[in-house]
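The values are calculated or read from the model by the stated rules, or taken from the named source; none is laboratory data. Values in this document were obtained by computation on a predicted structure and should not be read as measured data. Ideal geometry is used to build each Cβ from the backbone, glycine not excepted, and the neighbour counts take in all protein chains shown.
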Amino acid sequence: MPHRATSSVVPVHVAPSRSERESLLAFAPRARRALLVAMLSALVLATSAQVASASSSASSTSGGASPGGATPAPAVTGQVASPSSGASQRPAGKATLQLGQRVLRQGMRGSDVRALQRVLSTVGFPVPVVGSFGPLTARALRRFQSAHGLRATGVVTTPTVRALLAALAGGASVGSGSAPSGPPPSSGTPLPSSGDTSTWVFPLVPKRLAVPPSSWSLDQGVDIATFGGACGSQVKEVAVTNGTIVQEGIDGFGPAAPVLRVDGGPYNGRFIYYGHALPALVPVGAHVTTGEPIAEVGCGSVGISTGPHIEIGISAPGGPTCCPSNGDTASWVYKVMAALYNKA
């Protein structure tokens with residue numbers, strides 16, 4: 001039989017159960033972070049000796065050091081392992097993979113991808129924790145990397161794993177997104193006072209198909225994805241308040257993306273845009289009422305997008321019809337939309 005080199009990665013079977021991991025996500029953000037840090041610290045201490053021993057054993061068996069000769073970062077999941085240039089880029093069956101065991105990039109799946117998403121969400125770059133490395137995860141990862149002085153490649157290598165672990169241990173929350181506890185302060189519009197938007201409604205119907213606020217991300221507006229890529233007639237976009245459709249079609253957001261001018265109330269005359277919608281359900285000039293369908297979530301890639309979602313945003317005071325600058329009003333919108341989501 002052909003000789004097979006012994007792997008230098010030795011799983012440490014101290015992972016929490018699936019129910020324990022799911023329960024972990026239900027904790028308040030501060031408690032969840034503390035528990036994650038405690039778990040990771042214990043795992044790193046318990047495993048470092050075994051990893052070193054395994055590396056030494058592998059060297060004596062194969063007659064050489066691991067590729068590159070670099071000391072790998074500890075993994076971040078229920079098990080701790082070392083990144084390896086020779087590791088498989090796909091999960092083998094249903095085997096548990098650890099964050100740090102392999103290089104991660106868009107299109108991959110596995111328990112290590114789920115761990116990545118959990119950590120990103122905890123340190124301020126929220127993404128859906130689904131175990132599939134999609135465009136939202138890639139974008140959140142690039143933002144994390146930029147915020148921590150790394151090359152924004154959207155690929156998880158050893159330096160990124162180390163930065164994630166350091167951010168988690170330090171309680172950092174510096175993302176342009178936000179942890180479930182809330183978004184970063186807005187640089188443009190003041191946060192709404194109680195009652196300012198009490199008559200508004202959540203923009204997606206049915207709400208059950210929208211991912212929760214902990215999985216939203218922020219840029220010019222707020223990106224809200226749908227479960228299972230629901231789109232078209234499955235998910236309607238509705239007027240969040242009374243207004244007039246003044247434009248359809250926005251560069252980068254698709255040919256049918258509607259813009260609603262608010263009629264009445266404290267935000268009278270401000271503009272709300274619905275990015276990546278297709279098709280529009282009402283014409284330009286139509287007066288619409290709160291909750292009236294005005295478009296559908298676009299299927300596929302609508303505008304600059306790689307999947308079904310809505311980006312909803314509001315113009316800055318005195319600003320153009322569309323669209324605000326990154327971060328200008330996004331936190332304001334996040335707070336309003338999260339309140340509407342929880343109320344719906």
**Asked** Which residues, taken from segment 207-265, are over 26 Å from Arg118 (Cα atoms) and β-branched (Val, Ile, Thr)?
**Response** Val235, Val238, Val240, Thr241, Thr244, Ile245, Val246, Ile250, Val259, Val262
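Please determine whether any residue of segment 121-132 is part of a helix (DSSP H, G or I), surrounded by fewer than 21 Cβ atoms within 10 Å (Cβ to Cβ) and not aromatic (Phe, Trp, Tyr).
Within segment 121-132, not a single residue is part of a helix (DSSP H, G or I), surrounded by fewer than 21 Cβ atoms within 10 Å (Cβ to Cβ) and not aromatic (Phe, Trp, Tyr).
Yes or no, residue by residue, for (1) outside the structural domain of Phe227 (by TED's automatic domain parsing); (2) surrounded by fewer than 24 Cβ atoms within 10 Å (Cβ to Cβ); (3) assigned to a loop (DSSP other than H, G, I, E, B); (4) at pLDDT below 90:
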position: Tyr274; (1), (2), (3), (4): no, no, no, no
position: Leu278; (1), (2), (3), (4): no, yes, no, no
position: Gly285; (1), (2), (3), (4): no, yes, yes, no
position: Ala295; (1), (2), (3), (4): no, no, no, no
**Message:** Please go through segment 149-188 and give me each residue that is closer than 30 Å to Ser301 by Cα, surrounded by 16 or more Cβ atoms within 10 Å (Cβ to Cβ) and modelled with pLDDT under 85, ordered by number.
**Reply:** Gly175, Ser176, Gly177, Ser178, Ala179, Pro180, Pro183, Pro184, Ser186, Gly188
**Prompt:** Is it the case that segment 328-336 has a residue that's outside any helix (DSSP H, G or I) and either modelled with pLDDT under 90 or buried (at least 22 other Cβ atoms within 10 Å of the Cβ) (or both)?
**Reply:** yes
**Message:** Among the residues in segment 201-214, are any in a loop (DSSP other than H, G, I, E, B) and modelled with pLDDT under 95?
**Reply:** yes
**Prompt:** Is it the case that Asn268 is modelled with pLDDT under 95 and out of contact with any Cys (no Cβ under 8 Å at 6 or more places or on another chain)?
**Reply:** yes
**Request:** Considering each of Ile314, Ile304, Ile310 in turn, give the residue that is closer than 23 Å to Gly107 by Cα and crowded, with 18+ Cβ neighbours inside 10 Å.
**Result:** Ile310
**Complete:** Residue pairs qualifying under the 8 Å Cβ cut-off, at least six apart or on distinct chains, with the first in segment 142-157 being in a helix (DSSP H, G or I) and the second being aromatic (Phe, Trp, Tyr) and at pLDDT below 90, are Arg143/Phe125; Phe144/Phe125
**Prompt:** Is one or more of the residues making up segment 306-314 assigned by TED's automatic domain parsing to the domain that holds Pro258, more than 25 Å from Lys343 (Cα to Cα) and modelled with pLDDT under 90?
**Reply:** yes
**Prompt:** So which residues in segment 242-269 are surrounded by fewer than 21 Cβ atoms within 10 Å (Cβ to Cβ), assigned to a loop (DSSP other than H, G, I, E, B) and either out of contact with any strand residue (DSSP E or B) (no Cβ under 8 Å at 6 or more places or on another chain) or in contact (Cβ under 8 Å) with a residue 24 or more places away in the chain (or both)?
**Reply:** Asn242, Asp251, Gly252, Asp263, Gly264, Gly265, Pro266
**Message:** Here are the criteria: (1) over 29 Å from the mean Cα position of the chain (by Cα); (2) touching a residue at least 40 places away in the same chain (Cβ under 8 Å). Tell me which single one Gly318 does not satisfy.
**Reply:** (2)
**Request:** Determine which single condition Pro324 fails, assuming it passes every other condition in (1) at pLDDT 95 or above; (2) buried (at least 17 other Cβ atoms within 10 Å of the Cβ); (3) more than 20 Å from the chain's Cα centre (by Cα).
**Result:** (1)
**Message:** Please verify whether Tyr273 is under 23 Å from the mean Cα position of the chain (by Cα) and within 17 Å of Thr197 (Cα to Cα), treating the condition exactly as stated.
**Reply:** yes
